[in-house]
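The values are calculated or read from the model by the stated rules, or taken from the named source; none is laboratory data. Keep in mind it's a predicted model, so treat the numbers as computed, not measured. Neighbour counts are summed over all protein chains in view; Cβ atoms, including those assigned to glycine, are modelled from backbone coordinates with ideal geometry. Just the protein is used for accessible areas: all its heavy atoms, side chains included, with ligands, DNA and RNA removed. Shrake-Rupley method; radii C 1.70, N 1.55, O 1.52, S 1.80 Å.
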Amino acid sequence: MSPVAVKVDRLEKTLGKNKVLRGISLEAGSGEIFGLLGPNGAGKTTTLRIICTLLSPDAGAVEVLGFDTRTAAEEVRRRVGVVTADIGVYPRLSARENIAYFAELSGVSGGDLTRRVNSVIDRLDIGPFAQQRAESLSSGQKQKVAIARAIVHDPEILMFDEPTSNLDVLASRDIRDFMVEARGRGKCVIFSTHVLHDAERLCDRVTILHEGRVVATGPTAQVRGTHRDLEDAFLELVA
Amino acid sequence: MRTLRIVFLKEVREILRDRRTLIAIGLAALATPIVLIVISQVSTRTATQTYTVGYSGDIPAGLDVLLTATGLKLEPVPDPAAAAKQEVDLGVVFQTTQIDEYYDPTRQSAQIADTRVQTVLGQYNAAKAAAALKEKGIDPGVLNPLPVTIHPLSSPVKAAGNAFLSFFLPYILVTMVLTGGLSAALDTSAGERERKTLESLLLTPTPRSRILLGKILAVGLVSLTAAIAAIGSMLLALTQIPLLGTHVSLSPLGATVMLWLAVLLAGSFSSLTLALGTLAKNFRQGQAYATPLYFITIFPASIILFIPDFNPNLAYYLIPILNAVLVLRDAIVHNAVAWPALGVTTASLAATGLICWFAALRLFTRETLLIKS
């Protein structure tokens with residue numbers, strides 16, 4: 001495995017009366033697409049939220065590029081970019097203004113700000129609608145803006161939480177292409193999804209969660225084993 | 001400071017592009033002059049309106065001229081008591097040795113007609129008595145053994161104008177500071193959750209306290225702008241529209257005190273409305289949470305409407321909103337500032353703002369903020 005970028009150690013978390021995570025451990029490396037898989041309610045989103053410091057763990061620890069999420073939350077957030085299924089953007093700001101706002105909040109300033117914003121606009125082909133207010137954009141265009149704002153500060157770790165669930169086929173393909181490209185640039189890409197078919201095509205390694213526990217982890221081919229596909233392997237694991 | 005400025009400027013930009021907030025400010029600026037025009041016209045009409053007195057019997061010589069000159073129209077009726085119920089404003093029965101008056105105190109027109117008749121009859125009786133004494137060689141001055149000469153220390157007309165401002169201006173100030181920024185506050189808090197931008201915002205390395213402060217400053221600015229627009233347009237209208245027979249204006253001291261109070265109120269209200277908006281899942285729920293605020297703020301703002309001479313001790317100035325209303329009233333009516341009262345008021349409003357700020361920050365940093373989203 002490539003150098004460890006994210007290390008999750010025996011993570012536990014209870015939300016309300018629901019024990020969501022029951023001692024999860026995993027490691028994701030730089031230059032790989034790491035799949036966090038499982039059905040709805042397995043604990044994928046909670047795990048990602050703890051990694052990116054939005055939630056704190058009840059027990060266990062998370063290290064991101066050597067920074068503890070409890071004691072160095074700001075340092076962790078500087079190094080992480082997150083794309084979720086909720087492609088909320090500020091409707092009265094243009095696509096460019098949305099991206100620039102998040103870049104500035106992430107510490108990008110001066111000439112670097114314009115350069116970085118222009119760079120992600122070019123890379124994601126946002127140019128034709130960059131000056132349009134976000135309220136007039138299509139779902140696919142909004143998703144591009146959401147990705148752009150997550151990567152504009154050039155984070156080493158990219159997390160995608162069910163990023164294609166609200167998108168059509170073409171927009172979904174763009175996202176997948178982007179993840180592959182990010183891996184090529186040495187980023188640690190964590191891809192959380194319940195669509196096992198997508199994961200099988202993209203991920204170098206996967207961890208399958210079920211009811212807050214890790215039920216399988218390792219290289220994708222190894223987890224699939226002798227089964228026809230990852231879905232069959234998963235069904236046997238949770239049966 | 002840099003991130004604070006970034007959040008503040010972004011929020012202001014979004015607010016300026018939000019029609020709801022702009023319409024609220026525009027309406028506030030338009031509404032107060034319209035209300036003033038209506039008040040001015042109603043008060044002028046009331047002062048110059050002629051009221052009808054239904055009478056029976058013979059009117060004493062000369063009295064009819066006096067009554068008519070006072071804006072009272074005399075109309076003979078068979079039964080003045082019955083007529084006073086609806087047909088006329090007042091009923092009068094003239095007898096040889098006395099006058100019987102009938103009026104319905106529930107009718108405002110009857111009250112005004114009664115006051116006019118009493119004034120005229122008082123002057124008529126005094127003139128008659130003086131003439132009778134003079135005829136008998138007695139100095140009419142005996143009727144008025146202690147004559148009083150009134151020396152008003154300020155213009156009574158100006159005082160009446162100040163009295164009007166003293167209850168109207170605090171009311172406008174408090175309600176406009178609250179309502180002017182409410183839409184912006186809910187949009188930037190509950191709206192952030194509704195649009196699902198909150199998670200991305202909290203993922204940035206900017207400390208949440210700075211994000212919140214940037215939002216509060218932007219909402220406070222909008223509140224202040226709305227209040228100043230409403231009050232400015234009202235004062236401008238007052239220079240054009242005569243009210244109570246004069247052009248009412250706000251003294252520089254009153255304006256300074258008002259501005260200071262507006263800043264303090266805007267700080268408190270923007271923190272409070274943002275805290276309420278943070279509790280809400282969406283804009284509509286935020287509006288429901290904020291509705292009781294109208295009653296909580298309007299009650300103290302209205303108290304001087306009901307008790308114009310309310311002069312409480314210093315402890316009352318600890319009560320937020322009521323203290324601002326009282327300090328502003330005193331600055332307008334007396335054109336002076338009671339410094340202890342202003343000091344207590346400032347401390348009270350600053351403390352209220354700080355408490356609201358901590359409440360908003362606590363809500364903004366809770367994990368449930370995201371889980372509920």
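Can you give the translational diffusion coefficient of the range B:95-229 in µm²/s, computed by Stokes-Einstein from the Kirkwood radius over Cα pairs at 4 °C and 1.567 mPa s? Don't skip to the end; give the middle numbers.
Working: Rh = 22.4 Å.
For these conditions, the coefficient is 58 µm²/s.
Could you give the accessible area per residue of the range B:245-373, probe 1.4 Å, as a whole number in Å²?
Numbers: 6250 Å² over 129 residues.
On a per-residue basis, 48 Å².
The smallest convex shape that holds all Cα atoms of the protein assembly as shown, its convex hull, gives 218 Å³ per residue. Across the range A:23-38, coupling constants 3J(HN,Hα) worked out from phi with the 6.51/-1.76/1.60 Karplus curve, θ = phi - 60°, read x, 7, 10, 6, 9, 10, x, 5, x, 9, 9, 9, x, 10, 10, x Hz, and Gly and Pro carry x.
Per residue, what volume in Å³ does the convex hull of the Cα atoms of the range B:67-136 enclose?
On the way: hull volume 6.6 nm³, N = 70.
So the per-residue Cα hull volume is 94 Å³.
The trypsin sites (Lys or Arg not before Pro) of the range A:133-239 that meet both conditions, a loop assignment by DSSP and at most 14 other Cβ atoms within 10 Å of the site Cβ, are A:R185, A:R228.
Give the B-A buried accessible area in Å², both sides summed, 1.4 Å probe, nearest 100.
In total, chains B and A hide about 2900 Å² from solvent.
Shown in residue order for the range A:187-192 are the 3J(HN,Hα) couplings computed by the Karplus curve 6.51 cos²θ - 1.76 cosθ + 1.60 at θ = phi - 60°: 7, 8, 10, 9, 10, 9 Hz (x for Gly and Pro).
With unit charges on the beta carbon (Lys/Arg positive, Asp/Glu negative), name the residue among A:G212, B:Q86, B:A69 whose Cα is farthest towards the positive pole of the charge dipole of the protein assembly as shown. Ranked along the dipole, the leading option is A:G212. Stokes-Einstein, applied to the Kirkwood radius of chain B over Cα pairs at a viscosity of 1.306 mPa s and 10 °C, places its translational diffusion at 64 µm² s⁻¹. In this structure, B:L66 and B:Q41 have a Cβ-Cβ separation that, at R0 = 35 Å, corresponds to a calculated FRET efficiency of about 0.80. Remark on A:A72: its backbone amide H falls under 5 Å from none of the residues 5 or more positions apart or on other chains, H modelled at 1.01 Å from N. Stokes-Einstein diffusion of the range B:303-373 at 4 °C, 1.567 mPa s viscosity, Kirkwood radius from Cα pairs, rounded to a whole number: 92 µm²/s.
The simple spin-label model puts a point 7 Å past each Cα toward its Cβ; for B:L16 and A:L170 those points are separated by 3.6 nm.
Near the amide H of A:I190, within less than 5 Å, lie the amide hydrogens of A:F34, A:L158, A:M159, A:F160, all on another chain or at least 5 residues away, with H placed in the peptide plane.
Using the 1.4 Å probe convention, the accessible area of the range B:1-71 works out to 57 Å² per residue with neighbouring protein chains retained.
Taking 22 Å as the straight-line reach from the Cα of B:K85, the lysines in range (excluding those fewer than 8 positions away in the same chain) are B:K73. Along its three principal directions, the equivalent ellipsoid of the range A:72-124 from the Cα gyration tensor extends over semi-axes of 18, 16, 11 Å, largest first.
Rounded to the nearest 0.05, what FRET efficiency do A:R228 and B:K281 have when you use their Cβ-Cβ distance and R0 = 41 Å? Efficiency computed from Cβ-Cβ geometry: 0.40.
A full extension of the chain between B:K196 and B:I355 corresponds to an added length of 54.5 nm, given 0.36 nm per residue minus the alpha carbon distance. For the pair B:Q49 and B:Q98, a Förster radius of 35 Å applied to the C-beta separation gives a FRET efficiency near 0.80, rounded to the nearest 0.05.
Using only the Cα atoms, what convex hull volume per residue in Å³ does the range B:119-173 have?
On the way: hull volume 6.1 nm³, N = 55.
Roughly 112 Å³ of hull volume per residue.
A simple spin-label model places the labels of A:V215 and B:V142 11.7 nm from each other, with each point 7 Å out along Cα-to-Cβ.
Could you tell me the relative contact order of chain B? Use alpha-carbon pairs under 8 Å, at least six residues apart, and round to a whole percent. The partial results should precede the final answer.
Working: 494 pairs, mean separation 76.6, N = 373.
Once divided by the residue count of chain B, the mean separation gives 21 percent.
Backbone phi angles across the range B:265-271, fed through the Karplus curve with coefficients 6.51, -1.76 and 1.60 (θ = phi - 60°), yield HN-Hα couplings of 5, 4, x, 5, 5, 5, 5 Hz in residue order; Gly and Pro are listed as x. Under 5 Å between amide hydrogens, which residues at least 5 positions from A:V215 or on another chain qualify, with H placed 1.01 Å from N in the peptide plane? For A:V215, whose amide H was placed from the backbone, the distant partners under 5 Å are A:I208, A:L209, A:H210. Measuring between their Cα centroids, the range A:121-165 and the range B:80-121 lie 80 Å from each other.
Figure note: B:T68, A:T164, B:T21 ranked by solvent-accessible area, largest first, 1.4 Å probe, ligands and nucleic acids not counted: B:T68, A:T164, B:T21.
What the Cα atoms of the range A:5-69 give is an Rg and a Dmax of 11.4, 38 Å.
Normalised by 2.2 N^0.38 Å, where N counts its residues, the alpha-carbon radius of gyration of the range A:63-216 equals 1.06.
Here is the link list: A:K7/A:K44; A:K19/B:K196; A:K19/B:K281. Which ones come out longer than 21 Å on Cα distance? Those over the limit are A:K19/B:K196; A:K19/B:K281. Rg and Dmax, both from the Cα atoms of the range B:162-241 and both in Å, are 17.3, 55. Charge dipole of chain A (Cα centre as origin; +1 on each Lys and Arg Cβ, -1 on each Asp and Glu Cβ, all else neutral): 340 debye, rounded to the nearest 20.
When the helices in the protein assembly as shown are scored as -39500 (n - 2.57) per DSSP H run of 4 or longer and the sum is shared across all residues, what 222 nm value do you end up with, to the nearest 500 deg cm²/dmol? Don't skip to the end; give the middle numbers.
Details: 23 runs with 345 residues, N = 612.
Mean residue ellipticity, 222 nm, calculated: -18500 deg cm²/dmol.
Spin-label pair B:T246-B:A131: with each label point 7 Å from Cα along the Cα-Cβ axis, the two points sit 3.6 nm from one another.
About its Cα centre, what dipole magnitude does the range A:1-120 give when the only charges are +1 on Lys and Arg Cβ and -1 on Asp and Glu Cβ, stated in debye to the nearest 20?
On the way: 16 positive and 13 negative charges, 64 e Å.
Computed charge dipole of the range A:1-120: roughly 300 debye.
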